[in-house]
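Here's the structure we're looking at; comments come further down.
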Amino acid sequence: MNAEISVSNGGHVAPMEELRDVRLGFRLAFETTFSDSPYQIVRLIPEFPRVRPDIAETTDIVWDLPQLCESIRRPGGYDVLNCTCGLGDHAGLTGLAFVAHPDDATVVWEIDIAGHRAALDARWPEASGFLRLVFRRDDYEVDIRAMLDAVVSASSLEPPVEEYDPNRGGDAYELLQARAADNDWSRQPVFDSGTLARTRSLRREPADAGWQAVARLPAPALYPLDGACRIRGLVGLSSPWIRRRQPAGGTGHCK
Ligand SMILES: [Zn+2]
């Protein structure tokens, strides 16, 4: 494989706050579309530590369940929160959650506070740092599976749920139904074997400038590069299956 990844070392920054054993919750929200055959749209109101308590009343921010499902399988940058229409900027979301899998039993999010301020409570009025949420992997899977089961089983309501927001691409609900039927939640390789890795120091000395220390990754199943979240957006930048936040493709509904 000719793909390249690049990792900067140094420059360690501590989170504004680190929370452990975090659980993800939700409330279902529905909107009925009246037509010849009425149907409902289903959304997931986010519940997690430090979420703003009035998120459902004052914003259009919801869980982006397809992104949450993918974050179980691969670390990277994800729109775990999104506008109901799929355009995060509408709801004031300008950052991705950087998801790491530092070991087999742990999932970690790093959320920059400025980029997610619209979704967070008001305890960091001027902060520009980030929040670290640490999950036990078993809990993480159970919580996301619960969202999936709730969304999929809503198809039996009356009128039936036929859409999920954010409905990017127009087939999010079908995608989630297929995901619910698939029991494979195993971790997937981030990079193929032989991917070219480069490093560079963040120190300013001229001798440290530029990328160096080239190595070929020995195995395909490389999850974290350094056992923590320090790779941040690099995985998102380099992995074709991880979409960057971009102002395109929204086909859902928002105010
Ligand atoms: Zn929107």
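In the stretch 154-170, what count of residues is obtained for those that are touching a strand residue (DSSP E or B) at 6+ places or on another chain (Cβ under 9 Å) and hydroxyl-bearing (Ser, Thr, Tyr)?
Of the residues in the stretch 154-170, 2 are touching a strand residue (DSSP E or B) at 6+ places or on another chain (Cβ under 9 Å) and hydroxyl-bearing (Ser, Thr, Tyr).
With Asp36, Asp60, Asp121, Asp104 as the choices, which residue is within 16 Å of the ligand (Cβ to nearest atom) and either under 27 Å from Asp171 (Cα atoms) or surrounded by fewer than 21 Cβ atoms within 10 Å (Cβ to Cβ) (or both)?
Asp60
When residues of the stretch 96-134 are filtered for being farther than 18 Å from Val22 by Cβ, small (Gly, Ala, Ser) and modelled with pLDDT of 85 or more, how many remain?
Of the residues in that region, 4 qualify.
Among the candidates Ala154, Ala97, which residue alone is touching a residue at least 60 places away in the same chain (Cβ under 8 Å) and hydrophobic (A, V, I, L, M, F, W, C)?
Criteria check complete, one pass: Ala154.
Which residues, counting only those in the stretch 63-94, are within 16 Å of the ligand (Cβ to nearest atom) and small (Gly, Ala, Ser)?
Gly86, Gly88, Ala91, Gly92 - these are the residues of the stretch 63-94 that are within 16 Å of the ligand (Cβ to nearest atom) and small (Gly, Ala, Ser).
May I ask you to say which residue of Asp54, Asp64, Asp121, Asp60 is acidic (Asp, Glu) and touching a Leu at 6+ places or on another chain (Cβ under 8 Å)? Show your work before the answer.
Numbers: Asp54 fails: touching a Leu at 6+ places or on another chain (Cβ under 8 Å); Asp121 fails: touching a Leu at 6+ places or on another chain (Cβ under 8 Å); Asp60 fails: touching a Leu at 6+ places or on another chain (Cβ under 8 Å).
Answer to the selection: Asp64.
Looking at the stretch 118-141 only, could you name the residues that are without any contact (Cβ under 8 Å) to a residue 40 or more places away in the chain and not in a helix (DSSP H, G or I)?
Pro125, Glu126, Ser128
Residues Asn2, Asn9: which one is at pLDDT below 95, surrounded by 12 or more Cβ atoms within 10 Å (Cβ to Cβ), of a type in the set (S, T, N, Q) and more than 17 Å from Asp121 (Cβ to Cβ)?
Among Asn2, Asn9, only Asn9 is at pLDDT below 95, surrounded by 12 or more Cβ atoms within 10 Å (Cβ to Cβ), of a type in the set (S, T, N, Q) and more than 17 Å from Asp121 (Cβ to Cβ).
Restricting attention to the stretch 148-160, does a residue exist that is within 25 Å of Val22 (Cα to Cα) and in a strand (DSSP E or B)?
no
The values are calculated or read from the model by the stated rules, or taken from the named source; none is laboratory data. Remember, predicted model here, so these are calculated numbers, not experimental data. Counting neighbours? That spans all protein chains shown, and the Cβs are built from the backbone with ideal geometry, glycine included.
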